[in-house]
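Below is one structure, written out as structure tokens, with a few remarks after it.
The values are calculated or read from the model by the stated rules, or taken from the named source; none is laboratory data. Since the model is a prediction, treat every value here as computed from it, not as a measurement. Here the Cβ positions follow ideal geometry from the backbone for every residue, glycine too, while neighbour counts run over all protein chains shown. Protein only, heavy atoms only, side chains kept; ligands, DNA and RNA dropped before computing areas. Shrake-Rupley method; radii C 1.70, N 1.55, O 1.52, S 1.80 Å.
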Amino acid sequence: MTLWRAFRRFLKGDGIIYSGYLAFLSLLALLPVLGVLFWLSQQSSIIKAADGAFRDFLFTNLFPETAKQVVAVVDKLRANAKGLGMTGIAIIAGDLLLKALALNAAVDRIWGSSRRNLWGFVRGALVVLLLVPTVVAALIWVIRFVEKFVIVLMPSLREPIQSVFDPIEIGVPLVAALTLIYRWVPARLNAWKSPLAAAALVTALIEVARYLITHYFAQLQQLKSLYGAFIAFPVLMVTVFVIWSLVLYGAALVAEGFGSKLRWLSSAPSTKPVKSINLVKAKPAKN
């Protein structure tokens, strides 16, 4: 079964170890990323809008309520970035580039691919650092614009409309981001089917994991009695670790060709009967 083979590939490629490593790097990079976004947002109103949409997507949708206590503190600290000069921005950008290359190394390990040239690493870093945030922010803006437009048309159905758009607001951008990562980071694939199918499955698994962490793990009395007011920290760390584990598992799914044999509606075989052509010449009738 493809799911099981992908899980074995994930374990064989040290997916658990790389997930922990990337989770650690992500927590370290959280403040620098916010700092760079904050500094850039002061230079352009368009970047400022994208910055707000991207942060809201990460913090509002992916992290459980308990972990948002830490996120709120970090978000306040990012205001210190207004004093950064170009030298500080260059140093932080270089640090983020190294973290993006760590993701490249993790995916390469799972894929078992041969060593790529410098452009392969640069391409993966550009996708993670530039393309993914831009696409996510653009999609969130479009979805929210459509949501507000529909609410204006039908104000009496405000709550049902918001309930319908809530899963769309997280699902569509996350599927798009993961699809770009799976198609361009490991290797330049020539098809979209497997990255898209893996991204959809991983998005569903992330939602399930987020629900379990929010309603079960974060509510454990033993955990609350142990950490007390600091329970937000282990919840945040576990959340980031689980998300990275599922993202790398999706890379293993793509490596195993998950969803590559799916047929889209446009490529489905025709069901119309084909008329047979009789190539046998009719014999002349006898007089």
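What are the pairs, 6+ residues apart or on separate chains, where a residue within the range 200-212 that is without any contact (Cβ under 8 Å) to a residue 60 or more places away in the chain has its Cβ under 6 Å from a residue that is of a type in the set (Gly, Ala, Ser) and part of a helix (DSSP H, G or I)?
Cβ pairs passing all conditions: VAL202/GLY250; THR203/GLY171.
Just to be sure I understand the filter: pairs with C-beta atoms under 9 Å, separated by 6 or more residues or on different chains, first member in the range 1-29 and without any contact (Cβ under 8 Å) to a residue 12 or more places away in the chain and among the aromatic types (Phe, Trp, Tyr), second member surrounded by 15 or more Cβ atoms within 10 Å (Cβ to Cβ) and part of a helix (DSSP H, G or I). Which pairs pass?
Hits for this filter: PHE24/MET237; PHE24/VAL240; PHE24/PHE241.
Are there any helices (runs of 4 or more DSSP H) wholly within the range 143-256 with 2 or more residues that are open to solvent by less than 20 Å² (accessible area, probe 1.4 Å), and if so which?
Because the criterion is at least 2 residues that are open to solvent by less than 20 Å² (accessible area, probe 1.4 Å), the helices (runs of 4 or more DSSP H) in the range 143-256 that meet it are 158-184, 193-215, 232-255.
Take the range 142-167 and flag every residue that is at pLDDT below 85 and not charged (D, E, K, R).
Of everything in the range 142-167, just one residue is at pLDDT below 85 and not charged (D, E, K, R), namely PRO167.
Please enumerate the residues belonging to the range 117-141 that are over 15 Å from ILE168 (Cα atoms), modelled with pLDDT of 80 or more and open to solvent by 60 Å² or more (accessible area, probe 1.4 Å).
LEU131, THR134
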